[in-house]
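Notes follow once the structure below has been shown.
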Number of protein chains: 2
Amino acid sequence: MKPVAVGLVHSPVLDKRGDRVVSAVTNVDIHDIARAARTYGVQRYYVITPAAEQQRLVGSILEHWCQGHGSRYNPARKEALSLVKVVATVQEALEDWNLFCDAESDCLLTSARAENSIGIEEARERLLEKPALILFGTGHGMAPELFERGWPVLSAIIGRGDYNHLSVRSAAAIILDRLLGRTNS
Amino acid sequence: MKPVAVGLVHSPVLDKRGDRVVSAVTNVDIHDIARAARTYGVQRYYVITPAAEQQRLVGSILEHWCQGHGSRYNPARKEALSLVKVVATVQEALEDWNLFCDAESDCLLTSARAENSIGIEEARERLLEKPALILFGTGHGMAPELFERGWPVLSAIIGRGDYNHLSVRSAAAIILDRLLGRTNS
C-alpha cells in the first residue's frame, strides 16, 4: 500500500445554515485523529486552517506534547502528535504531501452525504497504486467547491438506520479502520 | 441480531500507574459514543460511575440536550443522548439491561491488551443468540476483577504496527462498526 495522509479541513466548510465559514480547531480532534492515524500507519495529519490565531493554538498544543512537559508525561501521545502539520489550505496540504511522497497523490474526499461515491474496496485498490490524502470536513462538512474538482468521494458510513451524525473523530477512526485495517476479524 | 447496549466504565478502572481509581467523566465521551451508538442501532448507553457528583454532572448534560435548549438547537444530538443512562456499577448496568431485554445478556469486555479473546466473527455470532452489553474502559482500562468473571473479551484493535493508544471514543466507534456495520464495502 502507498503512503496515506489525512487532512482535517476547517476551511472552506459549511455551518449549520449552509454558510461558508472557517470552523474553530478542536483540541480533541487533533488528539483523537492523530492517535487513530498513528494506529493505522498514516504518515501525516494535516490540520488545515487559514486563521493565524488558530494555527498558533495548534502550534502551542503541539509544542506541549512534542517538546514540552507532555512529551515526557506521555511519550505515546508525542508519537501520535508528531504526525501533525498545520497548513493554511487544502492546496498547501496536497502540495506538501506530494513533495513528501515525491509523487502525485490522490485526494480522497469524505462526506456524510456522499453521492457519486466510491466504495471501500475501490478506495483500497487505488491505495495500491498511488499515495492518498484523505480529507475530513469539520462543521457541517466541506464546502461544495471541494467536491467540484473531480476528486473521488468515499461512500458515507451507513450504520443501521438513517442516523448519520457521527463526530468527525469517530468517522475518521472508522474510515481508517475500513481502509487500512489489516483484518476485520 | 439481538439488542445491544454499550457501557462506559469509570470504575473500577486503572490509572497510568496501575492503581485502581474512579476516572472522571468526559463530556466528549458521552457525546461521541452516544452518536456512534445511535448510528449503529445500539439501544442503550450506560455511563457507569459511582461518584454522585459525576452522576449529577452527566445528568445536567443530559438535561440540557434532551429537555433544555440543546434539544431544540440540535434534535439529532437529543436522539443520540436519549440512549444514555447513568448507573453506579457494571452490575447495575447489567441488571437494568437484562430487565430491558427480558433476557440474560452476554457481557462482552474490550481491552487494548486482550488475551484469550474472541474475534469479531465469533462475537457477531453470539449477538445472533443473546443480547449483549459491551463494556469499554476509561483511564488505562478496566480493572482485572472485571476480567475474572468468565465474560468473553473482544480481541484488541490491531492497526498497522504495535501502537495501540486509540481514544476510547475511537475504539468504541471502530468496534461498533466492525460488530454492527451491515457491510464493510
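Please find, among B:Ile158, B:Ile174, the residue that is within 15 Å of the chain's Cα centre (by Cα) and aliphatic (A, V, I, L, M).
Values: B:Ile158 fails: within 15 Å of the chain's Cα centre (by Cα).
B:Ile174 is the lone residue from the list that is within 15 Å of the chain's Cα centre (by Cα) and aliphatic (A, V, I, L, M).
Does B:Ala114 count as within 9 Å of another protein chain (Cβ to nearest Cβ) and closer than 28 Å to A:Ile33 by Cβ? Walk me through it before giving the result.
Values: within 9 Å of another protein chain (Cβ to nearest Cβ): no; closer than 28 Å to A:Ile33 by Cβ: yes.
It is false that B:Ala114 is within 9 Å of another protein chain (Cβ to nearest Cβ) and closer than 28 Å to A:Ile33 by Cβ.
Select from segment A:28-47 the residues that are under 18 Å from A:Asp96 (Cβ atoms) and without any contact (Cβ under 8 Å) to a residue 60 or more places away in the chain and list them in ascending order. Spell out the reasoning first.
Let us first name the residues in segment A:28-47 that are under 18 Å from A:Asp96 (Cβ atoms), namely A:30, A:33-34, A:37, A:42-47.
Result: A:Ile30, A:Ala34, A:Gln43, A:Arg44, A:Tyr45, A:Val47.
Residues checked against (1) aromatic (Phe, Trp, Tyr); (2) out of contact with any helix residue (DSSP H, G or I) (no Cβ under 7 Å at 6 or more places or on another chain); (3) on the phi < 0 side of the Ramachandran plot:
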site: B:Leu109; (1), (2), (3): no, no, yes
site: B:Ala112; (1), (2), (3): no, yes, yes
site: B:Glu115; (1), (2), (3): no, yes, yes
site: B:Glu121; (1), (2), (3): no, yes, yes
site: B:Arg124; (1), (2), (3): no, no, yes
site: B:Lys130; (1), (2), (3): no, yes, yes
site: B:Leu133; (1), (2), (3): no, no, yes
site: B:Phe136; (1), (2), (3): yes, no, yes
site: B:Glu145; (1), (2), (3): no, yes, yes
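Could you check segment A:85-137 and list, in sequence order, the residues that are basic (Lys, Arg) and within 26 Å of A:Thr26 (Cβ to Cβ)?
Of all residues in segment A:85-137, those basic (Lys, Arg) come to A:85, A:113, A:124, A:126, A:130.
Matches in segment A:85-137: A:Lys85, A:Arg113.
Where in segment B:11-85 are the helices (runs of 4 or more DSSP H), entirely inside, with at least 2 residues that are within 14 Å of another protein chain (Cβ to nearest Cβ) and crowded, with 20+ Cβ neighbours inside 10 Å? Break it down into steps so the answer makes sense when it comes.
Working: elements: B:27-39, B:52-66, B:69-73, B:75-81.
It comes to B:27-39, B:75-81.
In the list A:Arg182, A:Arg160, which residue meets the criterion of being in contact with a Gly (Cβ under 6 Å, 6 or more places away or on another chain) and in a loop (DSSP other than H, G, I, E, B)? Can you show your working first?
Details: A:Arg182 fails: in contact with a Gly (Cβ under 6 Å, 6 or more places away or on another chain).
Step by step, each of A:Arg182, A:Arg160 is checked, and only A:Arg160 is in contact with a Gly (Cβ under 6 Å, 6 or more places away or on another chain) and in a loop (DSSP other than H, G, I, E, B).
Checking A:Glu125 against (1) within 16 Å of A:Val42 (Cα to Cα); (2) surrounded by fewer than 16 Cβ atoms within 10 Å (Cβ to Cβ); (3) within 13 Å of chain B (Cβ to nearest Cβ): exactly one of these is not met. Which one?
The one condition A:Glu125 does not meet is (1).
Is it the case, given these coordinates, that A:Pro12 is under 30 Å from A:Arg124 (Cα atoms) and modelled with pLDDT of 95 or more?
On the way: under 30 Å from A:Arg124 (Cα atoms): yes; modelled with pLDDT of 95 or more: yes.
So A:Pro12 passes the test.
Only one residue in A:Arg182, A:Arg160 is in contact with a Phe, Trp or Tyr (Cβ under 9 Å, 6 or more places away or on another chain), within 14 Å of chain B (Cβ to nearest Cβ), free of Cβ contacts under 8 Å to residues at least 40 places away in the same chain and closer than 27 Å to B:Thr39 by Cα, so which one is that?
On the way: A:Arg182 fails: in contact with a Phe, Trp or Tyr (Cβ under 9 Å, 6 or more places away or on another chain).
None of the others qualify; the one that does is A:Arg160.
For segment B:41-54, name all the residues that are of a type outside the set (Ser, Thr, Tyr) and under 11 Å from B:His10 (Cα atoms).
Result: B:Val47, B:Ile48, B:Pro50, B:Ala51, B:Gln54.
Listed here are the residues, each with its yes/no results for (1) away from chain A (no Cβ under 14 Å); (2) in a loop (DSSP other than H, G, I, E, B).
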{"site": "B:Leu133", "(1), (2)": "yes, no"}
{"site": "B:Glu145", "(1), (2)": "yes, no"}
{"site": "B:Ala156", "(1), (2)": "no, yes"}
{"site": "B:His165", "(1), (2)": "no, yes"}
{"site": "B:Arg169", "(1), (2)": "no, no"}
{"site": "B:Arg178", "(1), (2)": "no, no"}
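Which members of segment B:43-59 meet the condition of being in contact with a helix residue (DSSP H, G or I) (Cβ under 7 Å, 6 or more places away or on another chain) and among the hydrophobic types (A, V, I, L, M, F, W, C)? If you could, list the steps in order and put the result at the bottom.
Applying the first criterion (in contact with a helix residue (DSSP H, G or I) (Cβ under 7 Å, 6 or more places away or on another chain)) to segment B:43-59 yields B:44-49, B:58.
Answer for segment B:43-59, where residues must be in contact with a helix residue (DSSP H, G or I) (Cβ under 7 Å, 6 or more places away or on another chain) and among the hydrophobic types (A, V, I, L, M, F, W, C): B:Val47, B:Ile48, B:Val58.
The values are calculated or read from the model by the stated rules, or taken from the named source; none is laboratory data. These numbers come from a predicted model, not from an experiment. Note: ideal-geometry Cβ built from the backbone for every residue, glycine included; neighbour counts use all protein chains shown.
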